[in-house]
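Colleague: Can you keep this structure in mind? I'll have questions shortly.
The values are calculated or read from the model by the stated rules, or taken from the named source; none is laboratory data. Nothing here was measured: the structure is a model prediction, and the numbers come from that model. All Cβ positions, glycine included, derive from the backbone under ideal geometry; neighbour counts span all protein chains shown.
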Amino acid sequence: MTIVIAAGIALGAGVLASFLRLRAPLAATLVGLGGLAAVAFAAVAIGPDDVLPFGSVQIVGSDLLRAIGLFWAISAAGLVAIDALGIGSHAVAGPALLGIGAAILALGATNGEASFAFLAAGGVATVVAPAAAAGRSRAAVAWRALRTVVIAGFLGLGVIAWESSPAGPLGAASLEPGADRAAAAAIGLGLIAIVTAVAMRAGAIPTHVWAARLVEAIPMAAIPAALAWGGATFAIVASSWAVAALGPSAAAIGPERTVVAIIAAATLLLGSAAAFVHDDVEHVVGYSIVADAGVVLLAFAALDPAVARPLGAWVLGYATVKSALAGWAAAARGRFGVRRLPDLRGWARRSPVLGIGLVLVLVGAVGLPGTAANAARARLVALASDPPFEVILLAAAVLPIAVIGRLLVAGWQTPSPHVADDPGDSSFRERPRLVAPALLVVALAIVGLVASLGVGSIGGPVIDVPQPSALPGT
Amino acid sequence: MTVALVGVAVVAILGAIAAVSAREARLALTGLVVALVAAPFVADPLPDIRVLALRVVGGVLAAQLLWPAVRAGVVREGGSLLGWRAEALLATAAAICGWAIAASLAGTPTGVDLPPGLSTIGPLDPAAVRVAAPAAAGLAILALAATPVLVPPDPVRLGLGLLLLVEGVTLLQSGLGGAAEPLEQLAIVAALVAVAAGVAALSRTLDTGAATAAHPISGAGHAADAATGAEPVTPNS
């Protein structure tokens, strides 16, 4: 019952905040912050024993659901506050709450089709609402994102429905290599289709164009809900189904899994490269999130039941840390009023507190040896690849040093004219609103580090995979 | 019951044809309402009355959410890019394919590989119609949704296409795998309403009476690029 309470609070507060934003933006932010606090408290009570029957389907709690609900709510609250104090779009709380509510229901439902439909609904809210609030020219960009999110959700739903129907291949049971080529091809097609849905939703390469456009169109603080958390929960649901339904036939679909591994590696490496070369800070944040989605895709290349726990730990760590990175970008934007890195030169000299926040984000993004997120990434790489390939993917783990290090280096250069006028953190007593976002970034980065450390046992969601049966009515 | 099932499926397809091909936006929206309301009834046995009520209310609400955008004139008058005849033929072909696939599966005992063309029941057998009607309607509606989703002439028609896509997938799933669970029905209604609300919100932002030609979807990216430097950010410093 706690799951439904948490989802109900999130959805109710999200709708209220979205409506209030039109007439009373500050009230929308306050309602949003209250709703996020309530969701965080409710999420703490979610556990594996929390089961709510809904017809023949159940909504079941899990440790991962609790962790995602809690950390998403805390991260979103920090981002809402940073946005309100700095940029003032007031368009972050409503979409984040709607996304959290949909994700809670999706991760709790034991019916994969229902999960994907909920995620499509939540995705629309997190993508469209911030863009609609950003003005006419930005709203135009959201059409492509809206289309992608809906197609991804219902592609996932369609794949599950087809694979488990009498028209699908799951009736062929577990396949040995060469046992039944037609069924193996159909199962391989199912894997490619579900990975396509995940790649579309997470903005993985080569389906990243909508995500690259979207990050230009929505407030910086809204990016994590739209891309990091939204894509991650989508991947968790898809992975739970894929491992349960397609995993037993993994040996028969080797070529398809290789293709998935290549897509994952390309996303990881090219995403990091794109984040490194771009000067626009929102592109750095966006591509950094896209690169982390590459690690998520490795779970589909492995198709091993052992991916569930590392995937949960990784998702929790990267989504929280990238929320802190987006928080840094939003705070820098709100404070200095510019978005390009050359214009941000010297930012850390003016705001050492913001600099400390970004250093903590760097530590979380690279991962400390021994932390849950670091071990999870290594485990996912090991499950999905063999030694030569594995070394390359593990080496890619240090790429955030280059990406975030570039931001830090720019921070210590001679201040640009945009930054030089800033009174600095020492003016905290006279202008507390100036420094408060930087302090919030430090807090968000610490939350990210805590999430990366691991929060105990992280069991994933349970999705029933229906056994093939005769068509209804026959 | 069989005739009624086929009749409702035909009504849903006709509604979808009107939704994608009508020149006048109001007629397109009326077609959408017909398709969204009729689709849940393309099932044998019918779902629980509460589920039916939920789907009907959800469909009407989704269409209602699009109404302000239609009234504001965001829709390009001109109908389908293909024309209604081509759309109708496309839907008919897709419906025949869907019917044939589902009827063939219905006549094949589970776990038995029959030679092609052999089936234990005919395509018009009531047991086959029970699964073939939703599958045919689903595939037809999916085919109709393809054009407005992939080549959207205007924002609202993209919304119409996305709503039909959701409905088409749901119907196809119902035909191939059986009726959706109540929780899934709830989730589908949530998706329908979310898509319609999203389209309405974007349309409201895009247009306060300006000509639709000023904001074609294909030029969206360039529009954002042009506005990149003009984002209203007020630094605190």
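Colleague: Out of A:Ala199, A:Ala139, I need the residue that is within 13 Å of chain B (Cβ to nearest Cβ), crowded, with 24+ Cβ neighbours inside 10 Å and either assigned to a helix (DSSP H, G or I) or modelled with pLDDT of 90 or more (or both). Which one? It would help to see each step written out before you state the result.
Modeller: Details: A:Ala199 fails: within 13 Å of chain B (Cβ to nearest Cβ).
The conditions single out A:Ala139.
Colleague: Filtering the stretch A:110-134 down to residues that are at the interface with another protein chain (Cβ under 7 Å from one of its Cβ atoms) and over 19 Å from the mean Cα position of the chain (by Cα), which residue is modelled with the lowest pLDDT?
Modeller: Among those residues, the one meeting the criterion is A:Ala132.
Colleague: Another question, if that's okay. Can you tell me which residue in the stretch A:60-84 is nearest to the other protein chains (Cβ to nearest Cβ), limited to those that are more than 17 Å from A:Lys322 (Cα to Cα) and touching a Gly at 6+ places or on another chain (Cβ under 7 Å)? Steps first, answer last, please.
Modeller: Residues of the stretch A:60-84 more than 17 Å from A:Lys322 (Cα to Cα): A:60-66, A:84.
With the extra rule that they be touching a Gly at 6+ places or on another chain (Cβ under 7 Å), the set shrinks to A:60-66.
Working: A:Val60: 12, A:Gly61: 15, A:Ser62: 17, A:Asp63: 22, A:Leu64: 20, A:Leu65: 16, A:Arg66: 20 Å.
So the residue we want is A:Val60.
Colleague: Does the stretch B:183-195 hold any residues that are more than 7 Å from every other protein chain (Cβ to nearest Cβ) and either over 20 Å from A:Gln58 (Cα atoms) or among the hydroxyl-bearing types (Ser, Thr, Tyr) (or both), and which are they?
Modeller: So the first thing to find is which residues in the stretch B:183-195 are more than 7 Å from every other protein chain (Cβ to nearest Cβ), and the list is B:185-186, B:189, B:192-193.
Residues satisfying the conditions are B:Leu192, B:Val193.
Colleague: Hey, does the stretch A:239-259 have a residue that's touching a strand residue (DSSP E or B) at 6+ places or on another chain (Cβ under 8 Å) and either in contact (Cβ under 8 Å) with a residue 12 or more places away in the chain or among the basic types (Lys, Arg) (or both)? Full working, then the answer.
Modeller: Filtering the stretch A:239-259 down to residues touching a strand residue (DSSP E or B) at 6+ places or on another chain (Cβ under 8 Å) leaves none.
No.
Colleague: Filter the stretch B:173-182 down to the residues that are surrounded by 24 or more Cβ atoms within 10 Å (Cβ to Cβ) and either facing chain A (nearest Cβ under 7 Å) or outside any helix (DSSP H, G or I) (or both), then identify the one that is modelled with the lowest pLDDT.
Modeller: Step one: of the stretch B:173-182, the residues surrounded by 24 or more Cβ atoms within 10 Å (Cβ to Cβ) are B:173-177, B:180.
Then drop every residue that is not either facing chain A (nearest Cβ under 7 Å) or outside any helix (DSSP H, G or I) (or both), which leaves B:173, B:176-177, B:180.
Values: B:Gln173: 86, B:Leu176: 80, B:Gly177: 74, B:Ala180: 81.
Looking at the filtered set, the residue picked out is B:Gly177.
Colleague: Here is a follow-up. Within the stretch A:344-389, can you find the residues that are under 30 Å from A:Ala420 (Cα atoms), of a type in the set (Gly, Ala, Ser) and either under 19 Å from the mean Cα position of the chain (by Cα) or in a helix (DSSP H, G or I) (or both)? Spell out how you get there, then give the answer.
Modeller: The first filter runs over the stretch A:344-389 and keeps only residues under 30 Å from A:Ala420 (Cα atoms), leaving A:344-365.
Then drop every residue that is not of a type in the set (Gly, Ala, Ser), which leaves A:346, A:348, A:351, A:355, A:357, A:364-365.
Those that are under 30 Å from A:Ala420 (Cα atoms), of a type in the set (Gly, Ala, Ser) and either under 19 Å from the mean Cα position of the chain (by Cα) or in a helix (DSSP H, G or I) (or both): A:Ala348, A:Gly355, A:Gly357, A:Gly364, A:Ala365.
Colleague: Still on this structure: Do you know which residues across the stretch A:187-196 are of a type in the set (Gly, Ala, Ser), surrounded by fewer than 24 Cβ atoms within 10 Å (Cβ to Cβ) and modelled with pLDDT under 90? Outline the logic, then answer.
Modeller: Initial filter on the stretch A:187-196 (of a type in the set (Gly, Ala, Ser)): A:188, A:190, A:193.
Pick out the ones that are also surrounded by fewer than 24 Cβ atoms within 10 Å (Cβ to Cβ) and you get A:188, A:193.
Of everything in the stretch A:187-196, just one residue is of a type in the set (Gly, Ala, Ser), surrounded by fewer than 24 Cβ atoms within 10 Å (Cβ to Cβ) and modelled with pLDDT under 90, namely A:Gly188.
Colleague: Let me ask something else about it. Among A:Val159, A:Val149, which is within 18 Å of B:Gly168 (Cα to Cα) and under 14 Å from the mean Cα position of the chain (by Cα)?
Modeller: Details: A:Val159 fails: under 14 Å from the mean Cα position of the chain (by Cα).
One residue alone meets the criteria, A:Val149.
Colleague: Any residue in the stretch A:107-118 that is crowded, with 24+ Cβ neighbours inside 10 Å sitting within a Cβ distance under 6 Å of a residue that is aromatic (Phe, Trp, Tyr) and assigned to a helix (DSSP H, G or I)? List the pairs, counting only those 6 or more apart or interchain.
Modeller: Close Cβ pairs (under 6 Å, with a partner that is aromatic (Phe, Trp, Tyr) and assigned to a helix (DSSP H, G or I)) amount to A:Gly112/A:Trp241.
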